[in-house]
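Undergrad: Can you keep this structure in mind? I'll have questions shortly.
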Amino acid sequence: MTPLTTQLLLTASRLASLTTPIASRIFREKLEIDDSQSLWTSETLDYQPMPMLRENTSADLVIIGGGFTGVSTAYHFSQRYPEKRVVLLEARTLANGASGRNGGLMLNWLAMSGDYGDELTARIYKMTAEGIQTIRDIITRHNLAVNQRFDGTITMYTDAERAESAHAEVEYRRSLGIPEEYFDSSELKRRLNVQHGYGAVYDPNTGQINGAQLVRGLRPVLLERGVEIFEGTPVIKIEEGSTITVKTPLAEVKTKAIVLATNGYTSKLGYFRDALFPLHSHVFATAPLTPEQREQFGWNRLAGFSDDLDRISYASLTPDHRMVFGGGSNQSYAYLFNNRTAYPGSPGSAPRAFVKMQETLANYLPNSRAVPITHRWTGTLGITLDRHALMGVRGEHQNVYYAIGYCGHGVTLGNVAGQILTDIYARDDERWRGMPFYRTQYHALPPEPFRWIGYQAFTRLTGSSPRV
Ligand SMILES: Cc1cc2nc3c(=O)[nH]c(=O)nc-3n(C[C@H](O)[C@H](O)[C@H](O)COP(=O)(O)OP(=O)(O)OC[C@H]3O[C@@H](n4cnc5c(N)ncnc54)[C@H](O)[C@@H]3O)c2cc1C
C-alpha cells in the first residue's frame, strides 16, 4: 500500500469515527428518543449494541425497529424463509422503545373489548393465549435468560355495578371455554390485599415478563440464522417502489419489502400520521419488597393487576418482588404536541406524573409509600382512536408491511405480529382474517393543532382519553 493510500484510509476511518456519534446524536434528537432507563433494560447491563450500518447493501426484507414486532418478525420470517436476506435496522438499541419500557403485563385479549359474537370472542382469546404460549416456548427452546412469571393477572373493579357486569361477562366467556374466573371481594383480598376492589376477573393464562431480556436475548438466535442487525441506525427516508430504498445516516439498503415495526414512532417516518398518535405512559419500579411488606400487601400467586378505569392503572410484581406501577391519571398519560415521541430531557421533566402515581398506588395499597422507588421511566405507546391495532400490507407494490398501534396490549400482540406478517407475506393468512386489527380501516385523527388542543381539552374535561 502506498503512503498516500494509507494516509487516505486513515483519514477516512477518522472521519467515520467522528461522523458516527454526530450522526447518531442528530438523529436521536430528530427521533426524540427517551434517555430514561427502565428496570427491564437495567437487567441487561452487559448488552453491547451491534455496530451501525456503514455500507450500502441489499435485502429481501428490511425490518425497521427492534422491539417485539421487529424481533418477532425477524424470528418467524427467518424460520420460514431461511434462504432470504433479512436486515433489521434499529435507531438506537434493541428494546429501546416500548418493548423495553412497559409495565411487563403479558395479557390476553385486545386493548378494546367489544361485542364480537361467540366465535370471534373465542378466536381472539385463543390467538392471544397461543401467542403467550409461543413466547414461553421460544424462551425454553433457546434457553433464554428472561425473568418471567405465569401465575395469572386480574382486572379489578372499583365499582359494584361494574363488578357485577364483569361477573356476568365471565360466566358468558366460560360458556365459550375461556378459563377466566370471577373473584368476589373476599377472594380478591386473599390474592391481593387491595383497597377499593369490589371484585376481579382472573385470567390464569397471563403473567409478567422482562421484555428487554426477551428482545435482546433473541439477538444471538437471529444472528445465527443470518439476520443482519444494525443498531444505532435510524431510518431517515424510505423511497417506495418495486425495489424500496431505505436510507440511514451513512448508508442505504435496497430491498424488496419492508416492515414498519416502529409502533408509536411510525408517524416520524411519514406513515399513519392520521391513524396513530404517540402517548407517553409513565412507570416506576420499587426496591424488592421485604417479607414484611409482602405480608402487608398480601400479594399472593398473582403476577399483576390493572383497574377498570379509563386512565388505567397497572401493576406487576417481578420474580424478585419488585413492584412495577404505571398509569392512573391524566398526568401519567401525556400527548406531546406534533407527535413528539419523547419528553425533552428525562422523565424527571414530568415529576408531577410520578407524584400522582404514588398517590394512586397508595390509594390501592396504602403502605406502598414506604417502599423506595428505584427506577422511573416513560415509554411511547402507539394509540388509535378505536383502540384496535393495525396489521397488514400497503403501498402501490404491496410491499410495505406494518403492525402497529397495540394501545397498551403489545407485549402479547407485538410478539404475535411476527407470525401474522410472515403469514401475510407467504399469502397464508387464512387464520387471521376477520380479526378486528387485521387489514382494516381506521378512524382518522384530526391534524395539528386540533389534535393537541382536542386531546388536552377532552382529557381535562372528562378525565378520560378520546376514543370512538
Ligand atoms: C409505559 C408503557 C407501559 C406498557 N405496558 C404494557 C403492558 O403492561 N402490557 C402490554 O401488553 N403492553 C404494554 N405496553 C405496550 C407495549 O409495550 C407495546 O405495544 C409494544 O412494546 C410495542 O412493540 P413494538 O416492537 O411494536 O414497538 P417498540 O417497542 O416501541 O419498538 C419500536 C422500535 O423502533 C425503533 N425506531 C423508531 N423509529 C425508528 C427509525 N426511524 N429507524 C429505526 N428504528 C426506529 C425504536 O427505537 C424502537 O426500538 C406498554 C407501553 C408503554 C410505553
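The values are calculated or read from the model by the stated rules, or taken from the named source; none is laboratory data. Because the structure is a prediction, the values reported are computed rather than measured. Neighbour counts run over all protein chains shown; Cβ positions are idealised from the backbone, glycine included.
Undergrad: May I ask you to verify whether Tyr125 is assigned to a helix (DSSP H, G or I), touching a residue at least 40 places away in the same chain (Cβ under 8 Å) and either surrounded by 15 or more Cβ atoms within 10 Å (Cβ to Cβ) or touching an Asp or Glu at 6+ places or on another chain (Cβ under 8 Å) (or both)?
TA: For Tyr125, the condition - assigned to a helix (DSSP H, G or I), touching a residue at least 40 places away in the same chain (Cβ under 8 Å) and either surrounded by 15 or more Cβ atoms within 10 Å (Cβ to Cβ) or touching an Asp or Glu at 6+ places or on another chain (Cβ under 8 Å) (or both) - is met.
Undergrad: Exactly one of (1) at pLDDT 95 or above; (2) touching a helix residue (DSSP H, G or I) at 6+ places or on another chain (Cβ under 7 Å) is unmet by Val246. Its number?
TA: With respect to (1) at pLDDT 95 or above; (2) touching a helix residue (DSSP H, G or I) at 6+ places or on another chain (Cβ under 7 Å), Val246 is out only on (2).
Listed here are the residues, each with its yes/no results for (1) touching a Gly at 6+ places or on another chain (Cβ under 9 Å); (2) buried (at least 24 other Cβ atoms within 10 Å of the Cβ); (3) in a helix (DSSP H, G or I).
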site	(1), (2), (3)
Pro220	no, no, yes
Leu223	no, no, yes
Pro234	no, yes, no
Thr245	no, no, no
Lys256	no, no, no
Gly264	yes, yes, yes
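Undergrad: If only one of Gly434, Gly454, Gly463 is out of contact with any strand residue (DSSP E or B) (no Cβ under 9 Å at 6 or more places or on another chain), small (Gly, Ala, Ser) and free of Cβ contacts under 8 Å to residues at least 40 places away in the same chain, which one is it?
TA: It is Gly454.
Undergrad: Then there's this: Checking the conditions here, which among Gly454, Gly410, Gly463 is among the small types (Gly, Ala, Ser), closer than 17 Å to Ala275 by Cβ and surrounded by fewer than 23 Cβ atoms within 10 Å (Cβ to Cβ)?
TA: Selected residue: Gly454, the only one of Gly454, Gly410, Gly463 that is among the small types (Gly, Ala, Ser), closer than 17 Å to Ala275 by Cβ and surrounded by fewer than 23 Cβ atoms within 10 Å (Cβ to Cβ).
Undergrad: Return the pairs, sorted by first residue and then second, in which the second residue is away from the ligand (no atom under 12 Å from the Cβ), the first residue lies in region 365-393 and is acidic (Asp, Glu), the beta carbons are less than 6 Å apart, and the residues are 6+ apart or on different chains.
TA: Asp386/His443; Asp386/Val468
Quick grid of which residues meet (1) surrounded by 14 or more Cβ atoms within 10 Å (Cβ to Cβ); (2) touching a strand residue (DSSP E or B) at 6+ places or on another chain (Cβ under 7 Å); (3) in a helix (DSSP H, G or I):
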residue	(1), (2), (3)
Arg136	yes, no, yes
Ala145	no, no, no
Thr155	yes, yes, no
Ala163	yes, yes, yes
His167	yes, yes, yes
Gly177	no, no, no
Phe183	yes, yes, no
Ser186	no, no, yes
His196	no, no, no
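Undergrad: Counting only residues that are in contact (Cβ under 8 Å) with a residue 24 or more places away in the chain and under 26 Å from the mean Cα position of the chain (by Cα), how many does region 223-252 have?
TA: 16
Undergrad: Going by the structure shown, is Arg439 away from the ligand (no atom under 16 Å from the Cβ), in contact (Cβ under 8 Å) with a residue 40 or more places away in the chain and under 21 Å from Leu61 (Cα atoms)?
TA: yes
Undergrad: Right, another one. Give the residues of region 57-101 that are part of a helix (DSSP H, G or I) and either more than 6 Å from the ligand (Cβ to nearest atom) or surrounded by fewer than 23 Cβ atoms within 10 Å (Cβ to Cβ) (or both), sorted by residue number.
TA: Listed by number, the residues that qualify are Val71, Ser72, Thr73, Ala74, Tyr75, His76, Phe77, Ser78, Gln79, Arg80, Gly100.
Undergrad: Let me ask something additional. So which strands (runs of 3 or more DSSP E) are wholly in region 368-468 and hold at least 1 residues that are at pLDDT below 95?
TA: Filter on region 368-468 gives 373-383.
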